[in-house]
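Okay, structure first, notes after.
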Amino acid sequence: MSRCELRGVSRTQNSPGVSPREDMATSKAKVGVNSEARESKSNGGCGSAGEASPNKRIYNLDDLEIIATVGTGTFGRVFLVQERQSRAFYALKQMKIPDVIRLKQEQHVHNEKEVLTEINHPFLIRLFWTHHDERFLYMLMDYVPGGELFSYLRSRGRFSNTTGLFYTSEIVCAIEYLHSKEIVYRDLKPENILLDSEGHIRLTDFGFAKKLTDRTWTLCGTPEYLAPEVIQSKGHGRAVDWWALGILIFEMLAGYPPFFDDNPFGIYQKILAGKLEFPRHLDFYVKDLIKKFLVIDRARRLGNMKNGADDVKKHRWFKTIDWEAVPLRKLKPPVVPKVSHEGDTSNFDVYPEDDWKKDPPVPQKDLDIFKNF
């Protein structure tokens, strides 16, 4: 078993707002792109929006045929569904209202809808429709058949420098776009990066994302990826996403995160100590980039200074990257997932098909919390 696999199975749940590695609080379910059928276009720069937001048509649960479960979580389950008339495939995220309330995730659910309603970018998941009945909340999104980046990282042990460079470049564009909309993502990690059938990324699971004009104090994220200011409850902003990108680059290229321990508090101590030990094989420039992301003083953290993402894109590690070509999906993906058709589920784990419909209806006072969902 590789070091990547060893630490991958032990991310523990220590707070409703902290997402563990293998049993994600909001949804282990990865929802994402049906990229060829419904691709959003970019008009050039990394921070540019797509042409138009997803259509506002009304869907009907009775018109969606459940094909398979492609993910489960503490209060959510994600199904691959097919619309009976159009035969199009989607991912349907279904959340139990009582569990959302019990785990105090109401605001996160509302934030997720608000953020997804506003965004449209080639490297971000899209939301098509939300709905609720007397038991569940529903979110209809693209289905991404390629699976999680985490699966490919785990099977390979670690990525080469050029492979890590490709994924980082697309992620930088996604983060720049979100920050241009004053949105902080707060849950960057390999499990939340999906690959479409061509091998390009889509960020998914926006349960911790938030529209932010100043700072927020909520403890949320994944222990290994939390920025120091989140752990210290100093109030945090968009700089946490650049810290997380530094952690992600390290993990992609080393096969394990820079700060890990058997329990979250041990991880937090190591993060605050800030001691980095790089594997010998890492490229000189990528080590420099990681160090500039993992700066405890967020005022000096790369990506969070005066020039924002431009400072990141000008770093020497990216010297071969044509930033105009990145959001146009012109870079050649290093991994092309094996996908036989748009509804292929072979890149996801197999889950038991439990019958959720037996849950009793929730009281009206609980339904009122989600009346605008």
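Does at least one position in region 198-205 carry a residue that is under 20 Å from residue 164 (Cα atoms), among the acidic types (Asp, Glu) and under 12 Å from the mean Cα position of the chain (by Cα)? Quick ask: steps written out before the conclusion?
We begin by selecting, within region 198-205, every residue under 20 Å from residue 164 (Cα atoms); these are 198-204.
Checking which are among the acidic types (Asp, Glu) leaves us with 198.
Remaining after also requiring under 12 Å from the mean Cα position of the chain (by Cα): none.
No, because not a single residue in region 198-205 is under 20 Å from residue 164 (Cα atoms), among the acidic types (Asp, Glu) and under 12 Å from the mean Cα position of the chain (by Cα).
Mind checking which pairs have a first residue in region 256-267 that is farther than 12 Å from residue 222 by Cβ and a second that is at pLDDT below 95 and not hydrophobic (A, V, I, L, M, F, W, C), Cβ under 7 Å, 6 or more apart or different chains?
Taking only residues 6 or more apart or on different chains, the pairs are 256/3; 256/7; 262/10; 263/12.
Kindly indicate whether any position in region 334-353 is under 25 Å from residue 160 (Cα atoms) and assigned to a helix (DSSP H, G or I).
No, because not a single residue in region 334-353 is under 25 Å from residue 160 (Cα atoms) and assigned to a helix (DSSP H, G or I).
Can you tell me which of 312, 339, 326, 335 is within 28 Å of residue 66 (Cβ to Cβ) and either in the same structural domain as residue 287 (by TED's automatic domain parsing) or of a type in the set (A, V, I, L, M, F, W, C) (or both)?
None of the other options fit; the residue is 339.
Would you confirm whether or not region 267-286 contains a residue that is exposed (fewer than 13 other Cβ atoms within 10 Å of the Cβ) and under 17 Å from residue 167 (Cα atoms)?
No: region 267-286 contains no residue that is exposed (fewer than 13 other Cβ atoms within 10 Å of the Cβ) and under 17 Å from residue 167 (Cα atoms).
Taking the residues in region 305-335 that are over 30 Å from residue 237 (Cβ atoms) and either surrounded by 14 or more Cβ atoms within 10 Å (Cβ to Cβ) or of a type in the set (Ser, Thr, Tyr) (or both) as candidates, determine which candidate is farthest from the chain's Cα centre (by Cα).
Checking each candidate, the answer is 320.
Inspect all residues belonging to region 118-125 and state whether any of them is farther than 15 Å from residue 204 by Cβ, of a type in the set (Asp, Glu) and in contact (Cβ under 8 Å) with a residue 60 or more places away in the chain.
Yes, there is a match, as at least one residue in region 118-125 is farther than 15 Å from residue 204 by Cβ, of a type in the set (Asp, Glu) and in contact (Cβ under 8 Å) with a residue 60 or more places away in the chain.
Condition check: surrounded by 14 or more Cβ atoms within 10 Å (Cβ to Cβ) and at pLDDT 95 or above. Does residue 362 satisfy that? Lay out the reasoning, then the answer.
Numbers: surrounded by 14 or more Cβ atoms within 10 Å (Cβ to Cβ): yes; at pLDDT 95 or above: no.
Answer is no for this residue.
For residue 130, only one of the following conditions fails: (1) outside any loop (DSSP other than H, G, I, E, B); (2) touching a helix residue (DSSP H, G or I) at 6+ places or on another chain (Cβ under 7 Å); (3) surrounded by 23 or more Cβ atoms within 10 Å (Cβ to Cβ). What is its number?
Looking at each condition in turn, residue 130 falls short on (3).
Given the structure, is residue 124 at pLDDT 95 or above, among the aliphatic types (A, V, I, L, M) and touching a helix residue (DSSP H, G or I) at 6+ places or on another chain (Cβ under 9 Å)? Walk me through it before giving the result.
Working: at pLDDT 95 or above: yes; among the aliphatic types (A, V, I, L, M): yes; touching a helix residue (DSSP H, G or I) at 6+ places or on another chain (Cβ under 9 Å): yes.
Criteria met by residue 124.
Give the residues of region 254-266 that are at pLDDT below 95 and loosely packed, with under 14 Cβ neighbours inside 10 Å, sorted by residue number.
Hits for region 254-266 are 262, 263, 265.
Can you tell me which residue within region 310-367, out of those that are touching a strand residue (DSSP E or B) at 6+ places or on another chain (Cβ under 7 Å) and charged (D, E, K, R), is farthest from residue 84 (Cα to Cα)?
Only one residue fits best here, namely 359.
In this structure, is residue 135 farther than 20 Å from residue 183 by Cα, of a type in the set (D, E, K, R) and crowded, with 18+ Cβ neighbours inside 10 Å?
Values: farther than 20 Å from residue 183 by Cα: yes; of a type in the set (D, E, K, R): yes; crowded, with 18+ Cβ neighbours inside 10 Å: yes.
Yes: the conditions hold for residue 135.
Among 182, 198, 170, which is surrounded by fewer than 20 Cβ atoms within 10 Å (Cβ to Cβ) and either in contact with a strand residue (DSSP E or B) (Cβ under 7 Å, 6 or more places away or on another chain) or on the phi > 0 side of the Ramachandran plot (or both)?
Details: 198 fails: either in contact with a strand residue (DSSP E or B) (Cβ under 7 Å, 6 or more places away or on another chain) or on the phi > 0 side of the Ramachandran plot (or both); 170 fails: surrounded by fewer than 20 Cβ atoms within 10 Å (Cβ to Cβ).
Going through 182, 198, 170 in turn, the sole match is 182.
The values are calculated or read from the model by the stated rules, or taken from the named source; none is laboratory data. The model shown is predicted, which means the values in this text are computed figures rather than measured ones. Don't worry about glycine lacking a Cβ; one is built from the backbone with ideal geometry, like all the others, and counts go over all protein chains shown.
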